[in-house]
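Following: one structure in structure tokens, then a few remarks.
The values are calculated or read from the model by the stated rules, or taken from the named source; none is laboratory data. As the structure is a prediction and not an experimental result, all values here were calculated from the model. Quick reminder, even Gly has a Cβ in these numbers, built from the backbone with ideal geometry, and neighbours come from all protein chains shown.
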Amino acid sequence: MFGYLLKRLIQMTLVLWVVSVIVFLMMSFTGDPVFMVVPIDATDAEIAQARRLLGLDQSLLVQYGKFLTSLVQGDFGNSYVFRQPAMTLILERMPATVEMVLVAMALAIAVAIPLGVYAGANPNSRISRVIMAGSLLGISLPGFWVGMVLIYLFAVHWGVFPSSGRGDTAELFGLRISLLTWDGWHHIMLPAITLSLGTMAILLRMTRAGMMEVGRQDFMKFARAKGATRRDVLYKHGLKNALIPVVTIFGLQLGDLIAFATITETIFSWPGMGKLLIDSIYRADRPVIVVYLMLVALIFVVINFIVDIVYTMIDPRITLK
Amino acid sequence: MTGFFRSEFFHNYKRSTSAIIGSALMAFFAFAVLAGPFLVAQDPYDIAALNLMDSYKPPMWLEGGDPRFPLGTDGQGRDVWASILYGARISVFIGLVAMIASCTLGTLLGLVAGFYGGIADAIIMRIADIQLSFPSILIALFLMSAVGTGIDKVLIALTAVGWVVYARTVRGSTLSEIEKEYVQAAKVAGLSNRKIIRKHVLPNVLTPLIVIATIQVGTFVLIEASLSFLGVGVPITQPSLGLLIKNGFDVLFSGLWWTSVFPGVAIMTLVFGINLFGDFLRDELNPRLK
Amino acid sequence: MTTQTKSKPLLAVQDLHTHFHTFAGTVKAVNGVSFEIGAGEVMGLVGESGGGKSVVGFSILGLIDSPGKIEGGQILLDGQDLVTAGEDRLRQVRGREISMVFQDPMTSLNPLHTVGRQMDEVLCLHSDLDAGARKQACIDMLESVGISRAEERLKAYPHQFSGGMRQRVVIAIAMLARPRLIIADEPTTALDVTIQSQILKLMRQQIADKGASMILITHDLAVVSEMADHIAVLYCGNVVERGKTRELIETPTHPYTRGLIDSIPDTAERHDRLKQIPGSVPDIRNLPKGCNFKDRCPRAQALCAEREPSLTAQHGSLWAACHFPLKPGELA
């Protein structure tokens, strides 16, 4: 167990290191950040001085070394735009993104799994065909467009939901969370629904595929040969087996949600770190972009790790190695 | 040719509603992309042809609509329907070209990894694994933010994201093929690696590649649309469907919905058609289910 | 149809037809099969792979799923027809009065449930015992099939057992509710040769202890010649010969049975080649006119292509469906 943990830790660190190199290289070769900090009419001397201050006059390797050290210390420098530590900016906005992602995932699971189980258990029924057509549509939709349609219908046309922004927040453990207020829920519904659709469709399809796959297995027939009802066999024997492949992609789906949140936050002006990233890209606010990427890389790596552990807990055949 | 029409594939195709609808949609788009611009009176990107007086006309079935512009016009007086046709060209072009590039690159890398193994395999697969643990949209977004906008840059970003699935599939197929005895025999007989690849490995890997490639076009269309929507995709001078939606977003809150909704419907229909057909292909070409 | 046994049979299958309606045509997997089995007897159901033997087993328990369907015939358990009995009645029968042992123990057991849970399930369905009593019954049963440290093993998962042990577990599950008939579908085919005889011995002991009957479905005549009291030979969905084991093995009347017996490798004498039945099983969707076996039969004549033979009494207890059956002592 300990050996496995150590191995994974090393792997994760390696991945993060590779990401840091790539991020650094990309950032170094794109644009010259010195122009972000000096005024337009700066003289050459002022520009050179700014370069020195930012450490941009040194060799790439040295720059990377500095980059790495400050990274490890958690110091990413100040945002060029806000003149505040980039890390703080991102962390402030993280709860907003996290709550939207969580609600979207909960929605996706709540709808996808039951429908997927039904569609897998009764593949030829009319309803199943409709469900499957719907799920195929779900993965064909451009998410941002759906968000726009929802805004138009529910906010502009019918005025039932707000079209943008985050609702009131209440504080819990020092974090500002909008899920604790009614207004918060009122504001989160449209963005969360928009975000959830793609994942919902994929989870539904995987659940259905899993159920159909499991239906072919011998142990299902054997359970029936014992005298169990069809229903019992489906849910008690089949479901858990069918959901194993779903768990495999769960981590990836969570990652996808975080990624697509950037777009959703942009449409709904949701003050999360995704929106901050997009704004920072427009404004070439390098430190913020770097923080976002490294943080998100860390989150993904951790999610994958947790999923692997969960996987071994569900399937007794899999052992950690 | 007639052999094809008598094959089991075609027989199942005829019986599958989704396959027929899917391929019909794809054909429609192919036609629209190729012939479309010739069918529409107005070239929406010819400034001279535009009339600001025609701006923001709603679709023709609504009050204030104009039959010249069946789906309405945008802020510059551009016909939405014409814009969609031109935009679809760009979206489809990007999707197809990126798919071809990804497929070529990925297959090549997969073959190298599977065939030569060793350090090449290790490096290629490591990169693939790392890439796969991150959502493609994020990687594409990041790349675009670094290299700037433009169709060529979009193609590069999409290729960088899309090669992985081909490489893995081809590598897997290659590995299992070279284990097989007839390949070992061929090697002993002195057949060159290239011949072995061409005669034994590629034919077996072809069917999953076709399925992946088909569906990937749709995936790329969606990713490109998202990138363009965020402003890091195609340039304003060559608006894809995604960019059209972005342009329409700004006026959505004033109730002018048609400039953004219809391009979205177009994307949705195109990708839906591709997925319908792709699903059918997958079921048909999958030997395991037979 | 005259009965084979003197007492009333436990299970009587009469003219069973089970067809599969596939895209490529209707497969008549079971095409008019009849046999009887009495209490405490072992019957062997023999035939080549794909000949419909397993389908007979599943049909008896009503476990034929679409595109298959029982199209005709009767399956009488104590005089009650299972074909027309409802699903409720069938569920009572399954596991309790008739149970089944599948071929591959690796896939018969749910990999995510402990062995104990899968055993407990049978008792929950068919008995009123409380949890403690059920657990004890499972422990006793595991020990009786030769699994030591039974109480610990209840908490184990199927993949933690070896192939032979898994099949013992499957047998334990099949015997738990004290069924009167066990259908064993190729129970040893997936196991190592060395384990096979152990398992067969175990099964024989179990049914003898409990006075149960068994239908042993297999393609292996050698296995069945040791275990069964009487044998039915299946070919292309029909019973082509049946009768008491000894007589059938020593003096078979149907050329197919003869062929099967001859193809068992003879370790006593040296031969140059293994004897085989020439040709292969015909496409079951397009059965030829007349006798199904005629194209592979060394004795076939014009009549065989004209008329399908029906089961007629031969010598002793044997019945065979053949126009030109072998006489005792006659070689093919």
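Here are some notes:
So that you can scan it fast, the table gives a plain yes or no per residue for (1) within 11 Å of another protein chain (Cβ to nearest Cβ); (2) touching a strand residue (DSSP E or B) at 6+ places or on another chain (Cβ under 8 Å); (3) more than 29 Å from B:THR149 (Cα to Cα):
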{"residue": "A:ARG286", "(1), (2), (3)": "yes, no, no"}
{"residue": "A:TYR292", "(1), (2), (3)": "yes, no, no"}
{"residue": "A:LEU295", "(1), (2), (3)": "no, no, no"}
{"residue": "A:PRO316", "(1), (2), (3)": "yes, no, yes"}
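- Scanning the range A:254-276 for residues that are among the small types (Gly, Ala, Ser) and touching a residue at least 60 places away in the same chain (Cβ under 8 Å) yields A:ALA261, A:SER269, A:GLY272, A:GLY274.
- Residue match in the range A:186-198 (condition: of a type in the set (Val, Ile, Thr), within 12 Å of another protein chain (Cβ to nearest Cβ) and either in contact (Cβ under 8 Å) with a residue 24 or more places away in the chain or closer than 23 Å to A:PRO123 by Cα (or both)): no
- Elements of type helices (runs of 4 or more DSSP H) in the range C:134-218, at least 2 residues being within 14 Å of another protein chain (Cβ to nearest Cβ) and at pLDDT 90 or above: C:163-175
- The criterion of being modelled with pLDDT of 75 or more, away from chain B (no Cβ under 14 Å) and closer than 22 Å to A:GLY74 by Cα holds for A:LEU9.
- Enumeration of residues in the range A:264-279 that are surrounded by 24 or more Cβ atoms within 10 Å (Cβ to Cβ) and in contact with a Ser or Thr (Cβ under 6 Å, 6 or more places away or on another chain): A:THR264, A:PHE268, A:GLY272, A:MET273, A:GLY274, A:LEU277
- Residue list for the range A:141-171, filter: assigned to a helix (DSSP H, G or I) and away from chain B (no Cβ under 12 Å): A:PHE154
- Of all the numbered requirements in (1) at pLDDT 80 or above; (2) surrounded by fewer than 12 Cβ atoms within 10 Å (Cβ to Cβ); (3) not aromatic (Phe, Trp, Tyr), C:GLU308 misses one, and that requirement is (2).
- The residue that is nearest to the other protein chains (Cβ to nearest Cβ), among those in the range B:215-245 that are under 22 Å from B:TYR56 (Cα atoms) and surrounded by fewer than 24 Cβ atoms within 10 Å (Cβ to Cβ), is B:ILE236.
- Applying the condition of being surrounded by fewer than 20 Cβ atoms within 10 Å (Cβ to Cβ) and of a type in the set (A, V, I, L, M) to the range A:69-86 and asking which residue is farthest from A:VAL19 (Cα to Cα) yields A:VAL81.
Let's see how each residue does on (1) without any contact (Cβ under 8 Å) to a residue 12 or more places away in the chain; (2) within 24 Å of the chain's Cα centre (by Cα); (3) crowded, with 16+ Cβ neighbours inside 10 Å; (4) over 25 Å from B:MET268 (Cα atoms):
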position: B:GLY36; (1), (2), (3), (4): no, yes, yes, no
position: B:ASP43; (1), (2), (3), (4): no, no, no, no
position: B:TRP81; (1), (2), (3), (4): no, yes, yes, no
position: B:ARG89; (1), (2), (3), (4): no, yes, yes, no
position: B:GLY117; (1), (2), (3), (4): yes, no, no, yes
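- Condition met for C:GLU121 (surrounded by fewer than 19 Cβ atoms within 10 Å (Cβ to Cβ), part of a helix (DSSP H, G or I) and either without any contact (Cβ under 8 Å) to a residue 40 or more places away in the chain or in contact with a Cys (Cβ under 7 Å, 6 or more places away or on another chain) (or both)): no
- Pairs, first within 9 Å of chain A (Cβ to nearest Cβ) in the range B:122-146, second assigned to a loop (DSSP other than H, G, I, E, B) and hydroxyl-bearing (Ser, Thr, Tyr), C-beta under 7 Å, six or more apart: B:ALA146/A:THR30
- Given (1) exposed (fewer than 15 other Cβ atoms within 10 Å of the Cβ); (2) in a strand (DSSP E or B); (3) among the β-branched types (Val, Ile, Thr), index of the condition C:VAL240 fails: (1)
- Residue in the range A:240-262 that is more than 21 Å from A:ALA106 (Cβ to Cβ) and either within 11 Å of another protein chain (Cβ to nearest Cβ) or among the small types (Gly, Ala, Ser) (or both) present: yes
- Residue count for the range C:79-125 under the criterion of being within 22 Å of the chain's Cα centre (by Cα) and within 8 Å of chain A (Cβ to nearest Cβ): the result is 14.
- Pick from the range B:246-290, criterion facing another protein chain (nearest Cβ under 10 Å) and among the hydroxyl-bearing types (Ser, Thr, Tyr), ranking: surrounded by the fewest Cβ atoms within 10 Å (Cβ to Cβ): B:SER254
- A single member of B:ALA266, B:ALA186, B:ALA225 is of a type in the set (Gly, Ala, Ser) and farther than 21 Å from A:VAL149 by Cβ, and it is B:ALA186.
- If you go through the range C:145-163 and pick out every residue that is of a type in the set (Gly, Ala, Ser) and farther than 21 Å from C:THR189 by Cβ, you end up with 3.
- Some residue of the range A:213-220 being without any contact (Cβ under 8 Å) to a residue 12 or more places away in the chain and either closer than 26 Å to A:ASP279 by Cα or within 14 Å of another protein chain (Cβ to nearest Cβ) (or both): yes
- Some residue of the range A:35-54 being more than 13 Å from chain B (Cβ to nearest Cβ), modelled with pLDDT of 80 or more and part of a helix (DSSP H, G or I): no
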